[in-house]
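The structure appears right after this line, and notes come after that.
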Amino acid sequence: MSDIYISRGKFPEIIGQLMARYRVYAPVLKGEYHEFAKIEKTEEADLGYQNTRLSPKGLFHPHAERMFEYSLVKDDPQAGILKEAPKDFSPRVVLGIRPCDAKAFQLDDVNFDTTAYQDPWWVRRRQTTTLIGLACNEPCGTCFCTSLGTGPFDTAGLDVLLVDTGEGYTAQVLTQKGKDVVGITSGWESVSRTVSEKMEGLRKSAEDSLGRQFDFDPIKQKDMLELFNASFWDEVQFACINCGTCTFLCPTCWCFDIQDEVWGDKGDRIRLWDSCMFPLFTFHGSGHNPRSQKLQRVRQRFMHKLKYYPDKYHNGAACVGCGRCVKFCPVNIDIREVVRRMSATCVCPA
Amino acid sequence: MNNPYLPYPVRIDSVVTETEDRNLKTFKLVFLNPEDEQKFKYNPGQFAELSIAGLGEIPIGIATSPTEKGFIKFTVNKVGKVTNHLHNMKEGDIMGVRGPLGNWYPWDALEGKNVVIIGGGFAFTTLRSSIVYMLDPANRSRFGDITVVYGARSPGLLLYKDELAAWEQRKDINMHITVDGTDDPNWKYNVGFVPAVTKQKAPSAENSYAIICGPPIMIKFTLPVLTELGFPPERIISSLEMRMKCGIGICGRCNIGSEYVCKDGPVFTLEQLSKLPNEY
């Protein structure tokens, strides 16, 4: 299917057509920042955004999710037996997601959807969701997607890619799901040569603005223990306050906790985002803690993204260069600097 | 889609207090739905998540052998919220079990080999499973000599005392039970720490594997003894503990380097561990 085009003025009609058939999630301005939320009116979707502060991982892996529910009523024969909590898996469109964040879902898939075990909620949401991406014409100063194999116009994780060409949007349909979604909309026209050239120009200037900020490949070759025992971790961890902002915002930080909550004689088993930055994360019942030191926890986060994950899944780094952790770290720890240290080869004098 | 987070409902069939400090109890569990028992096919060395509605889940080694049918057993140390509650539960109460989880002792590789089992304290549960499994008439001929060194601080802290006494009587297993110390004049077994007793009994490393589970201090001092006896790192097997939640390699907390203890472990050879960060 060749690319199609719609003028800016007609685009709200497309959103309306989607809303008639799907639950539509889009970037919505809430306070100072955008976040992905279900829209009720077409004008709520704000595609003029740069990126959301919080990654859209919550669309598939909610911050807090009810897994099971149960009765604790005495004499109830079903008391204490867990039942699946009802959830809405009706078809859904995520509109305006950035290519890096869509790519992140693919990196997370290898964790949630394995040959041995499938996380049923992640997998079903992935199956029933269509991702309509929006290319980045103006990446942020903290972005480094092109250094990790993705990019501002990357189509890898998307079903449809939109490009904002100023007077309208072009759409590149990438998958069958994308075809189905675009198929229910109308008003598109073919892409004119001028628009096509403009789109190419936008892509080139966006990619050029990012450049290649580091070379990740040397880390793959290095020995896990050599990196683990490197002395630079002491400097990397020095300023860290273990606040967990990085893991909270990161699109590829999926770690979660499972807890039971009881309300009177009813209970829920819920899962909640957790963070390797917190000492309790690994605290044994015996009192022993394999990562009791801050250095160990900071090292764990970077080693997981940049060494453990690549070694385990041969799927590149568990990082898409969205730059959220760089932008929002209160003590300016910069993962790009950590990658440079991890990939540096020391040439010692003979 | 099968939901790997959903526990099978089970009924507590019996509760036995194992140790004189009353901190360890063995729970015998029976599946409410017979088809769940069919699905719960396990190997010695695996673990399961015990689930109590309203409190949570705990990862515990399976103490029974797959050769024992109709029930599963777990020996649980009283440590935190879930285990304290479990210790107060009684026969007939309903709870949940999720599993079997993790890998197991390498039974294919152990076939035709002598097996040396070294255990300390309450880390004897999956070792009990392994011994019962190997001693089963259908399996005994698959293995060579079986030697067991099992120690606790005092006689009252040993697990499965009746079974230990019964194994002592058998000709097809070499039992070396030991305690750190005792004032019991009738104590007829060894006195001494596990590393020292292992050194003294000196099981041959020839055509042998060693499986070692116990407190870190015991492991630390027994490993050099095994090395001295000639056991290479790829024939020393251990099972690790780690804080866990999902038990299926998804929630992300129990990793040692690139490996998840819950899914890629808990059983590792010393050789495998030597290539991973020392963070456990």
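Some notes on this structure:
- Answer residue from region B:4-52, given it is within 14 Å of chain A (Cβ to nearest Cβ) and in a loop (DSSP other than H, G, I, E, B) and is surrounded by the fewest Cβ atoms within 10 Å (Cβ to Cβ) among those: B:33
Yes/no matrix, rows are residues, columns are (1) assigned to a loop (DSSP other than H, G, I, E, B); (2) in contact with a strand residue (DSSP E or B) (Cβ under 9 Å, 6 or more places away or on another chain); (3) hydroxyl-bearing (Ser, Thr, Tyr); (4) assigned by TED's automatic domain parsing to the domain that holds residue A:98:
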position	(1), (2), (3), (4)
A:308	no, yes, yes, no
A:312	no, yes, no, no
A:316	yes, no, no, no
A:327	no, no, no, no
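- Residues located in region A:223-245, provided they are more than 14 Å from chain B (Cβ to nearest Cβ), within 28 Å of residue B:274 (Cβ to Cβ) and part of a helix (DSSP H, G or I): A:234, A:235, A:236, A:237
- Any hit, region B:100-108, residues being surrounded by 22 or more Cβ atoms within 10 Å (Cβ to Cβ), touching a residue at least 12 places away in the same chain (Cβ under 8 Å) and of a type in the set (Ser, Thr, Tyr): yes
- Cβ pairs under 9 Å, 6+ apart, first in region A:291-314 and more than 20 Å from residue A:340 (Cβ to Cβ), second among the aliphatic types (A, V, I, L, M) and not in a helix (DSSP H, G or I): A:294/A:241; A:294/A:277; A:297/A:277
- Scanning region A:122-136 for residues that are out of contact with any helix residue (DSSP H, G or I) (no Cβ under 9 Å at 6 or more places or on another chain) and facing chain B (nearest Cβ under 9 Å) gives a single hit, A:124.
- Set side by side, the residues A:113, A:101 differ, and just one is charged (D, E, K, R), over 17 Å from residue A:203 (Cβ atoms) and away from chain B (no Cβ under 14 Å), which is A:101.
- Condition met for residue A:101 (outside any strand (DSSP E or B), surrounded by fewer than 19 Cβ atoms within 10 Å (Cβ to Cβ) and outside the structural domain of residue A:321 (by TED's automatic domain parsing)): no
- Scanning region A:167-190 for residues that are touching a residue at least 60 places away in the same chain (Cβ under 8 Å), assigned to a loop (DSSP other than H, G, I, E, B) and of a type outside the set (D, E, K, R) yields A:184, A:185, A:186, A:187, A:188.
- Of the residues making up region B:146-154, not a single one is outside any helix (DSSP H, G or I), more than 14 Å from chain A (Cβ to nearest Cβ) and closer than 17 Å to residue B:66 by Cα.
- Index of the failed condition, residue A:31 passing every other in (1) surrounded by fewer than 16 Cβ atoms within 10 Å (Cβ to Cβ); (2) farther than 25 Å from residue A:61 by Cβ: (2)
- The one condition in (1) in contact with a Ser or Thr (Cβ under 9 Å, 6 or more places away or on another chain); (2) on the phi > 0 side of the Ramachandran plot; (3) of a type outside the set (Ser, Thr, Tyr) that residue B:54 fails to fulfil: (1)
- Answer from B:138, B:205 - the residue that is exposed (fewer than 13 other Cβ atoms within 10 Å of the Cβ) and outside any strand (DSSP E or B): B:138
- Of the residues making up region B:62-80, those that are in contact with a strand residue (DSSP E or B) (Cβ under 7 Å, 6 or more places away or on another chain) and within 14 Å of chain A (Cβ to nearest Cβ) are B:76, B:77.
- Residues of region A:1-32 that are charged (D, E, K, R) and assigned to a helix (DSSP H, G or I): A:8, A:10, A:13, A:21.
The values are calculated or read from the model by the stated rules, or taken from the named source; none is laboratory data. Computed from a prediction, not measured in an experiment: that's the story for all the values here. Here the Cβ is made from the backbone with ideal geometry for all residues, glycine too, and neighbour counts use every protein chain on show.
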